[in-house]
Amino acid sequence: MRVLKFGGTSVGSAERIRSVARLVSTRGRNLVVLSAMAGTTNALVEIASLIKENQINAAASALDALKEKYAVVVADLLGDDRGYAAMAREAVKGSFDTIRNYFGTKRFTDVDERTILAQGELISTALMACYLRSQGVNVALLPALDFMLVDHNNQPLPGFIADSLNGLIEANSDAELFLTQGFICRNSRGEIDNLQRGGSDFTATLAGCAINAEEVEIWTDIDGMHTGDPRFVDGTRRVDSLTFDEASELAYFGAKILHPMCIWPARSARVPVRLLNTLDPSAEGTVIGLSDNPDGTLKAVAAKDDIVMIKVTGNRLIPPRGFFGKVFASLELCNINVDISDISEVSVALALGDDQPMIDSLLEKLSRLGKVAVEKGQVIISVVGDFTSENAGEYRGDIMEALSQFNVKMICNGASDSSLSVVVDNKDKIMALNNLNTKLFN
Ligand code: ADP
Ligand code: ASP
Ligand code: MG
């Protein structure tokens, strides 16, 4: 069995839903994971924030606009089929009623917000199930909220997911196809939660690991992983293959085509992942994890935004051993994740996401250890590929040459065999990415 995940654009209109339905109904008894239709999650985020601010009229008009969009989709998809069209309308209505029930609520909570966000995937899978059934496909719709569980640290629980998902599959032994929602899950308190934006990729690989899938296919709107982010970089090209390590570094360091955490389940279960294009289904795509051996080349460059750089210089009263220990203990105490770091005798430079709640408390703790300098508005750029290759020296030289005109504030290499990362100012990001793509790949 395979897991086939389709992102928002792939199910973004009635026509796209029909074409995904055709594709999945000819590929065997697989598990299909769907995102919400393109634009829906953003619209739901907006509606939730309007409800939170008690702007009920604005929330109602945004909800009406979304409702209108779905009415058109249902009519287009199932117009001729009264039975399934009525079922689809009923499912859509159920989700919109759920959202409307929050209008005017006194205390709008995070759980309420996440319940609203979940409606996008609940609707897209309901529509797909109705359409597939109208075409005579015996599909079992497996509720992700019954098997996708995260713990109190928002970490997925693979054992529970495997037991529950395999149980659901066994209970539907006559089904020709299985369908489920990406992104949504339950948390340790039993509430509706999610795997963060772009989380359907993570659902797909967690499910792939749970059912020990032959392969996970991530179907999207581009022909695979490119050498750079095509939204900012000219002349990028498709990458044929990546090791799990390479893909995981690219995902973590910002290649939006993959959710940052989605490679680890695939790697742990050794399930290859294939990135494929819904608009060109026969194209080769990018395969991840077929081999563990890097092939000596550089693969791609990714960028992670919203980084703050913190530099602590010890006052030399504390010996280096004690100083480093105290810096790391402060990070642990403040629950801070560091993306990359650089250490020398009595100074430590850290690059980390600026949205972590306890950064102020960290700065206060670090200021007791020495001089602290903070620079916001930074970006981490990571070049991913084989840095164990005999050409690695040349690669490092090319990277530095491509970045020579920028103020590179940190370089991190050596800690990973498959990436070299640098920190630059956000204003230099696009030009730096383009220079790197030209120098390394063209
Ligand atoms: P989906 O909705 O299918 O999950 P996403 O928008 O999340 O799709 O991911 C696909 C998009 O990721 C592409 O359209 C592209 O703009 C962007 N992207 C960013 N970096 C890369 C990269 N290195 N290679 C390919 N696509 C990338
Ligand atoms: N619908 C969710 C989002 O837009 C999850 C996903 O598309 O993967 O973030
Ligand atoms: Mg995505």
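May I ask for the Rg/Rh ratio of region 45-114, computed from Cα atoms with Rh as the Kirkwood radius, given to two decimals?
Details: Rg = 13.9 Å, Rh = 13.0 Å.
With Rg and the Kirkwood Rh in hand, the quotient comes to 1.07.
Between LYS409 and GLU284, what's the calculated FRET efficiency when r is the beta-carbon distance and R0 is 51 Å? Round to 0.05.
Efficiency at R0 = 51 Å is approximately 0.85.
For PHE232, put the label point 7 Å out on the Cα→Cβ axis and report which residues of region 291-319 keep their amide N under 20 Å from it.
299-310
Enumerate the lysines that LYS429 could reach by cross-link, defined here as Cα to Cα under 25 Å, with residues fewer than 8 away along the same chain left out.
Qualifying lysines at Cα under 25 Å: LYS256, LYS299, LYS304, LYS311, LYS376, LYS409, LYS439.
Might you report the magnitude of the Cβ-based charge dipole of the chain about its Cα centre, with Lys and Arg at +1 and Asp and Glu at -1, to the nearest 20 debye?
800
Report the Cα centroid-to-centroid distance between region 1-54 and region 237-255 in angstrom, as an integer.
Using only Cα atoms to place each centre, the spacing works out to 23 Å.
Only Lys, Arg, Asp and Glu count, each charged at its Cβ (+1, +1, -1, -1), so figure out the dipole size of region 284-388 about its Cα centre, rounded to 20 debye.
Working: 10 positive and 15 negative charges, 154 e Å.
Dipole size: approximately 740 debye.
For LYS69, which lysines qualify as cross-link partners when the Cα separation must be under 25 Å and same-chain residues fewer than eight apart are set aside?
By straight Cα distance, LYS69 reaches LYS5, LYS52, LYS93.
Quick one: Debye curve from the C-alpha atoms of the chain, no solvent, what's log10 I(q)/I(0) at q = 0.05, 0.06, 0.12 Å⁻¹?
The computed values of log10 I(q)/I(0) come out as -0.20, -0.29, -1.09.
Taking θ = phi - 60°, what integer Hz values does the Karplus form 6.51 cos²θ - 1.76 cosθ + 1.60 yield along region 121-129, in sequence order, with x for Gly and Pro?
6, 5, 6, 4, 6, 5, 5, 5, 4
Any chance you could tell me what percent of the C-alpha pair distances in region 211-357 go past 24 Å? Write out the running numbers ahead of the final one.
Numbers: 4963 of 10731 pairs.
Looking at region 211-357, the distances longer than 24 Å represent 46 percent of pairs.
Using DSSP to call loops (not H, G, I, E or B), can you name the trypsin sites (Lys or Arg not before Pro) in region 24-95 whose Cβ has at most 12 other Cβ atoms within 10 angstrom?
Details: sites: ARG27, ARG29, LYS52, LYS67, LYS69, ARG82, ARG89, LYS93; in loops: ARG27, ARG29.
Those that pass, being in a loop and sparsely packed, are ARG29.
Restricting to Cα pairs below 8 Å that are 6+ residues apart, what does the relative contact order work out to for region 1-90? Please round to a whole percent. Before the final figure, lay out each step's value.
Values: 81 pairs, mean separation 24.7, N = 90.
RCO, region 1-90: 27 percent.
So which GluC sites (Glu not before Pro) in region 191-233 pass both tests, a DSSP loop state and at most 15 other Cβ atoms within 10 Å of the Cβ? Before the final figure, lay out the partial values.
Numbers: sites: GLU191, GLU214, GLU215, GLU217; in loops: GLU191, GLU214, GLU215.
Those that pass, being in a loop and sparsely packed, are GLU191, GLU214.
Quick one: check the C-alpha center-to-center distance for region 81-102 versus region 117-182, whole angstrom.
Distance between centres, Cα-based: 19 Å.
Please list, in order along region 392-404, the HN-Hα scalar couplings obtained from phi with the Karplus expression 6.51 cos²θ - 1.76 cosθ + 1.60 (θ = phi - 60°), rounded to whole Hz, x for Gly and Pro.
For region 392-404, the Karplus curve yields 4, x, 5, 4, 4, x, 5, 5, 5, 5, 4, 9, 4 Hz.
Given region 198-292, what percent of its DSSP beta bridges are antiparallel, to the nearest 5?
On the way: 4 of 11 bridges.
Looking only at bridges with both residues in region 198-292, the antiparallel portion is about 35 percent.
When DSSP assigns beta bridges and you keep just the ones with both residues in the chain, what percent turn out antiparallel, to the nearest 5?
So the antiparallel bridges amount to about 65 percent of the total.
Let me check against my output: what whole-number percent is the relative contact order of region 342-442, with C-alpha pairs under 8 Å and at least 6 apart? Write down the numbers at each step before the final one.
Numbers: 95 pairs, mean separation 30.7, N = 101.
About 30 percent, as a whole number.
Where a Cα-Cα gap under 16 Å defines reach, which aspartates and glutamates qualify for LYS365, not counting those fewer than 8 residues away within the same chain?
Within reach: GLU332.
Which angle from 0 to 90°, rounded to the nearest 10, does the C-alpha axis of helix 14-25 make with the longest principal axis of the chain?
Between the helix axis and the principal axis of the chain, the angle is about 90 degrees.
I want the antiparallel fraction of DSSP beta bridges within region 118-250, as a percent rounded to 5. Please list the in-between numbers first.
Details: 5 of 10 bridges.
DSSP beta bridges in region 118-250 are roughly 50 percent antiparallel.
In percent, what relative contact order does region 297-399 have, based on Cα pairs under 8 Å that are 6 or more apart in sequence? The partial results should precede the final answer.
Details: 158 pairs, mean separation 48.5, N = 103.
So the answer I get is 47 percent.
For LEU298, what residues show an amide H to amide H distance below 5 Å, using hydrogens built from the backbone and excluding near sequence neighbours?
Sorted by chain and number, the residues that satisfy this are ASP386.
What percentage of the solvent-accessible surface of the chain, computed with a 1.4 Å probe over protein heavy atoms, is contributed by carbon and sulfur atoms?
Looking at the chain in its full context, I get 48 percent from C and S.
Using a ≥ b ≥ c from the Cα gyration tensor of region 65-217 (square roots of the eigenvalues), is it rounded, prolate or oblate, where a/c under 1.5 gives rounded and otherwise the larger of a/b and b/c decides, a/b for prolate? Write down the numbers at each step before the final one.
Numbers: a/c = 2.24, a/b = 1.10, b/c = 2.04.
It is oblate, given that a/c is not under 1.5 and a/b is not larger than b/c.
Pairing the Cα long axis of helix 429-441 with the longest principal axis of the chain, what angle in degrees results, from 0 to 90 and rounded to the nearest 10?
For helix 429-441, the angle is close to 90 degrees.
The values are calculated or read from the model by the stated rules, or taken from the named source; none is laboratory data. This one's a predicted model, so the numbers in the text were calculated from it and none came from an experiment. Because the Cβ atoms are built from the backbone with ideal geometry, glycine has one as well, and the counts that use them run over all protein chains shown. These area figures cover heavy atoms from the full protein model, side chains too; ligands, DNA and RNA do not enter into them. Shrake-Rupley method; radii C 1.70, N 1.55, O 1.52, S 1.80 Å.
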